[in-house]
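Engineer: Handing you this structure, nothing more for now.
The values are calculated or read from the model by the stated rules, or taken from the named source; none is laboratory data. Nothing here was measured: the structure is a model prediction, and the numbers come from that model. Counting neighbours? That spans all protein chains shown, and the Cβs are built from the backbone with ideal geometry, glycine included.
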Amino acid sequence: MPPGSIDTEFADVNAIRLRAFLDFLHRDHPDADPVKNSELAALLPEHLDRKQWLPFDVEVPLLEKLCQQYSAWSILHRVGREVISDALLYILPHNPGMRTVSQVIAGIPAFVGYFLTLPVCRIAVVSGNQYALEIRYGQHGHANAVDIFFIRGLVTGVLEFINVETAGVILQELPLWPEQIPESEMALLPQIAWRRERTLLSIIVPETSVDNRPRGHEPISLTRHQENARELFVRQVLMRSARLFQDRRELVTAVEYLNMANDELERKIKESEKELDVARNIQRGFIPGLIPDWRGLRFDAFSRPLAGVSGDFYDYFTLEDGRLGILVADVCGHGVPAALISAIAKISFINHYNQRPSDVFSNVNLDILNFVKMEGYLTAFYMIIDRKYNIEYSIAGMPAPLLYRARTNEVVRLQGQGTLLGMFPNASDYFENQDTRLYPGDKLFIFTDGLSEAPNTREEQFGTAALKLAILETASMGPAESTEHLLKRQREFSLGQDLQDDLTVVTLQFNPRYEYFKNYCIKAKQQYSLKKYDEAEEQLRLAIRISPNHPDTLFALCKILVKTKRFEEAIELIQRLLVLRPYHADAYLLMSRCHLGLKRVQQAENDLRRALALRSNNPSALFQLIRVLTRLNKKEEAERHLKALSELRPGDEKVAALRAYMKDQFAT
């Protein structure tokens, strides 16, 4: 293998550890340059970043040699404390479940797994304020001083970030001999048990929640995590820049490289803009424009991406027993990567939506782990509502929805929190089914953290309290007005501050006038059966005022418009219906009749083909298509469809008449 290259087929260690170690080493030992050591240079890759992984049997021996050569064992502990910022940015901020110190500590195995794949870590509660972190290795890898000091630093870093400054992190057991630990570090390991089967760290902390800390402590802060990550990044850049300035030739080379990189970047930006347009159009295709009204429930949905395409998405599902499922999800991050994961998640939800909400989350979690490989995760809320308006729901790490009770004029927060999807294999242990019920006038607000955590110029968050006040102000509003009012209050709070995340809100209301709607529909049906189309239309329009997005009511009105030959008005209404029901075969059949009435034969043909693509055994669509094909003189295709129609309707007089019509038309 040539110098500077590494076989990454078996990559087990995130390269950020080695990168940070080299930066600290150069700061403590300005004259140290491991690259000039021919033995070490053969092992060092040219570039190191968190997307790159290194083999355990290459990276660990390399760090051991560097620690021995420069007496730099203490740097490993510092590296662990510093690089934890990188993992916290990816794991902690989007997990609303991490509210107490104990819950943050429970996530330490995930932090370790962000950097190292071979150690198997487990957290156990020893007592009210004492925890034990157990570390073992499987068939691959083995216990070593490098991992031990690094993990101890990670744990210390986690506790520092949540401001538990009185914590103790003590090594109690090691599967090593004393000779395997450098003498300089032995003083830090009092009363340790050697040659055990595992590594055991004891963590002693005060058991208090983040929101109820002793005086002098601050809550967990995403801003602080970001600042620490930025400080680490800036320090690394400055140290690398200093090395460049040590050699003028390297500086000139770097400038030339930057010019080339800039040209390449401009080209890539243009390509990315085109790709972003494609991604945006694809995403629009799998997020419903509108959610249809359902048994007195009216919906409004709003979604605003941060970067062209969104990691947020929502959907609705009609279950086999007639119940309705509503989903809102938020993929970590934003832009194209988040949109790609959202597409994978959407497919997974489509495969599992017909189960209980907690089971849906359990299966989707496994799918995301399998396909995304821990490169991303998401939070979600999924509810199923039955014909009596009983709701069963589950929450996977998303902000809990807020429910406005019309009878009492109060806003309540739904129970439950769950955990992330796509992060933990055992996440199913944390998904719970909860239940509630809707009554006339009630409204449910489902939103992603882009709304509740929207900042103002002072870096304060909009928050749940402000949301509740805004919701109370919507008491007399419908779902669309209510959504817009919440967004208005958020904009007023943010004072022009740019969005920092995708934002999605889905509002649903149990229409208090639903009984009137049903009565109008019954009367319209009666009038239609008596062929009193004007009276039926009047009743339908009254019903549509109450429930504007009810597909069946819109379709009934479309049929009346076609019967009364108001084709243009009917086409406009059918297009509105197809936004709600994109796969409505009969709507396309009705559209074809409008186009035929307007003598647009080619458009009618297209409509009929779509109707048959959605439902192939549709005699009415086949009948109309055969007549259209006959008019267009497409004999062979018309005869093929006539054969299919004859099989569907053997001995039908209308089919026989159609056959005679075709014979006459093609004969002339």
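Engineer: If Thr464 passes every condition in (1) among the β-branched types (Val, Ile, Thr); (2) buried (at least 21 other Cβ atoms within 10 Å of the Cβ); (3) under 17 Å from Thr504 (Cβ atoms) but one, which one does it miss?
Structural biologist: Of everything listed in (1) among the β-branched types (Val, Ile, Thr); (2) buried (at least 21 other Cβ atoms within 10 Å of the Cβ); (3) under 17 Å from Thr504 (Cβ atoms), Thr464 misses just condition (2).
Engineer: Would you point out the residue of the stretch 277-297, among those that are touching a helix residue (DSSP H, G or I) at 6+ places or on another chain (Cβ under 6 Å) and farther than 16 Å from Tyr314 by Cβ, that is modelled with the lowest pLDDT?
Structural biologist: Ala279
Engineer: Can you confirm whether the stretch 139-148 contains a residue that is in contact with a Gly (Cβ under 6 Å, 6 or more places away or on another chain) and within 26 Å of Arg19 (Cβ to Cβ)? Spell out the reasoning first.
Structural biologist: Just the residues of the stretch 139-148 that are in contact with a Gly (Cβ under 6 Å, 6 or more places away or on another chain), to begin with: none.
No - not one qualifying residue is present in the stretch 139-148.
Engineer: Of all residues in the stretch 568-610, which are charged (D, E, K, R), closer than 20 Å to Arg627 by Cβ and surrounded by fewer than 17 Cβ atoms within 10 Å (Cβ to Cβ)?
Structural biologist: Lys599, Arg600, Arg609
Engineer: What pairs come up if the first residue lies in the stretch 177-200 and is small (Gly, Ala, Ser), the second is part of a loop (DSSP other than H, G, I, E, B) and modelled with pLDDT of 85 or more, and their beta carbons are under 8 Å apart, counting only those six or more places apart or on different chains?
Structural biologist: Once the first residue is small (Gly, Ala, Ser) and sits in the stretch 177-200, its partners that are part of a loop (DSSP other than H, G, I, E, B) and modelled with pLDDT of 85 or more give Ser184/Ser71; Ala193/Leu174.
Engineer: Mind listing whichever residues of the stretch 518-551 are of a type in the set (A, V, I, L, M) and in a helix (DSSP H, G or I)?
Structural biologist: Ile522, Ala524, Ala536, Leu540, Leu542, Ala543, Ile544, Ile546
Engineer: Within the bounds of the stretch 658-666, is there any residue that is in a helix (DSSP H, G or I), over 51 Å from the mean Cα position of the chain (by Cα) and among the polar types (S, T, N, Q)?
Structural biologist: Yes, there is a match, as at least one residue in the stretch 658-666 is in a helix (DSSP H, G or I), over 51 Å from the mean Cα position of the chain (by Cα) and among the polar types (S, T, N, Q).
Engineer: Can you find a residue that is at pLDDT 85 or above, in a loop (DSSP other than H, G, I, E, B) and more than 21 Å from the chain's Cα centre (by Cα) anywhere in the stretch 78-98?
Structural biologist: Taking every residue of the stretch 78-98 in turn, none turns out to be at pLDDT 85 or above, in a loop (DSSP other than H, G, I, E, B) and more than 21 Å from the chain's Cα centre (by Cα).
Engineer: Looking at the stretch 611-618, can you tell me whether even one residue there is in contact (Cβ under 8 Å) with a residue 24 or more places away in the chain and more than 24 Å from Ala656 (Cβ to Cβ)?
Structural biologist: For the stretch 611-618, residues in contact (Cβ under 8 Å) with a residue 24 or more places away in the chain and more than 24 Å from Ala656 (Cβ to Cβ): present.
Engineer: Just to check your reading of the model, which residue among Ser476, Ser482 is out of contact with any helix residue (DSSP H, G or I) (no Cβ under 7 Å at 6 or more places or on another chain), within 26 Å of Leu297 (Cα to Cα) and either not small (Gly, Ala, Ser) or not in a helix (DSSP H, G or I) (or both)?
Structural biologist: Only one candidate passes the filter, namely Ser476.
Engineer: Can you name the residue in the stretch 364-398 that is of a type in the set (Gly, Ala, Ser) and without any contact (Cβ under 8 Å) to a residue 60 or more places away in the chain and is also surrounded by the most Cβ atoms within 10 Å (Cβ to Cβ) among such residues? Don't jump to the end; show me each part of the working.
Structural biologist: Initially, the stretch 364-398 is screened for residues of a type in the set (Gly, Ala, Ser), giving 376, 380, 394, 396-397.
Applying the additional criterion that residues be without any contact (Cβ under 8 Å) to a residue 60 or more places away in the chain yields 376, 380, 394, 396.
Details: Gly376: 22, Ala380: 27, Ser394: 23, Ala396: 30.
The residue in question is Ala396.
Engineer: With the structure loaded, tell me whether His29 is modelled with pLDDT under 90 and in contact with a Phe, Trp or Tyr (Cβ under 6 Å, 6 or more places away or on another chain) or whether it fails that test.
Structural biologist: When the stated conditions are applied, His29 passes them.
Engineer: I would also like to ask the following. If Arg659 satisfies all but one of (1) under 29 Å from Thr553 (Cβ atoms); (2) touching a Leu at 6+ places or on another chain (Cβ under 7 Å), what's the number of the condition it fails?
Structural biologist: If we test Arg659 against (1) under 29 Å from Thr553 (Cβ atoms); (2) touching a Leu at 6+ places or on another chain (Cβ under 7 Å), just (1) comes out false.
Engineer: Oh, and also: Please list, ordered by residue number, the strands (runs of 3 or more DSSP E) wholly in the stretch 346-424 having 1 or more residues that are at pLDDT below 95.
Structural biologist: Where strands (runs of 3 or more DSSP E) fall fully within the stretch 346-424 and carry at least 1 residues being at pLDDT below 95, they are 378-385.
Engineer: Could you figure out which of (1) of a type outside the set (Ser, Thr, Tyr); (2) part of a helix (DSSP H, G or I); (3) touching a residue at least 12 places away in the same chain (Cβ under 8 Å) isn't true of Glu515?
Structural biologist: Every listed condition holds for Glu515 apart from (3).
Engineer: Also: Name the single residue that is farthest from the chain's Cα centre (by Cα) among those in the stretch 401-449 being buried (at least 20 other Cβ atoms within 10 Å of the Cβ) and at positive phi.
Structural biologist: Among those that are buried (at least 20 other Cβ atoms within 10 Å of the Cβ) and at positive phi, it is Gly416.
Conditions (1) at pLDDT 90 or above; (2) closer than 29 Å to Ala536 by Cβ; (3) more than 36 Å from the chain's Cα centre (by Cα), marked per residue:
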residue	(1), (2), (3)
Ile574	yes, yes, no
Leu578	yes, yes, no
Leu589	yes, yes, yes
Ser592	yes, yes, yes
Arg615	yes, yes, no
Arg627	yes, yes, yes
Thr630	yes, no, yes
Lys634	yes, no, yes
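Engineer: Further question on the same structure: Taking the stated definitions as given, is Asp300 crowded, with 18+ Cβ neighbours inside 10 Å, of a type in the set (Asp, Glu) and either touching a residue at least 60 places away in the same chain (Cβ under 8 Å) or farther than 25 Å from Asn511 by Cβ (or both)?
Structural biologist: It is true that Asp300 is crowded, with 18+ Cβ neighbours inside 10 Å, of a type in the set (Asp, Glu) and either touching a residue at least 60 places away in the same chain (Cβ under 8 Å) or farther than 25 Å from Asn511 by Cβ (or both).
Engineer: What are the pairs, 6+ residues apart or on separate chains, where a residue within the stretch 61-73 that is under 14 Å from Val13 (Cα atoms) and in the same structural domain as Gly153 (by TED's automatic domain parsing) has its Cβ under 7 Å from a residue that is surrounded by 15 or more Cβ atoms within 10 Å (Cβ to Cβ) and among the acidic types (Asp, Glu)?
Structural biologist: Listed pairs, sorted by first residue: none to list.
Engineer: Mind listing whichever residues of the stretch 114-139 are polar (S, T, N, Q), in contact (Cβ under 8 Å) with a residue 12 or more places away in the chain and in a loop (DSSP other than H, G, I, E, B)? Steps first, answer last, please.
Structural biologist: Taking the stretch 114-139 and keeping what is polar (S, T, N, Q), we get 117, 127, 129-130, 139.
Filter once more, so that each one left must be in contact (Cβ under 8 Å) with a residue 12 or more places away in the chain: 117, 129-130.
Answer for the stretch 114-139, where residues must be polar (S, T, N, Q), in contact (Cβ under 8 Å) with a residue 12 or more places away in the chain and in a loop (DSSP other than H, G, I, E, B): Thr117, Asn129.
Engineer: Check the stretch 399-419 and report whether any residue there is touching a Lys or Arg at 6+ places or on another chain (Cβ under 7 Å) and without any contact (Cβ under 8 Å) to a residue 24 or more places away in the chain.
Structural biologist: yes
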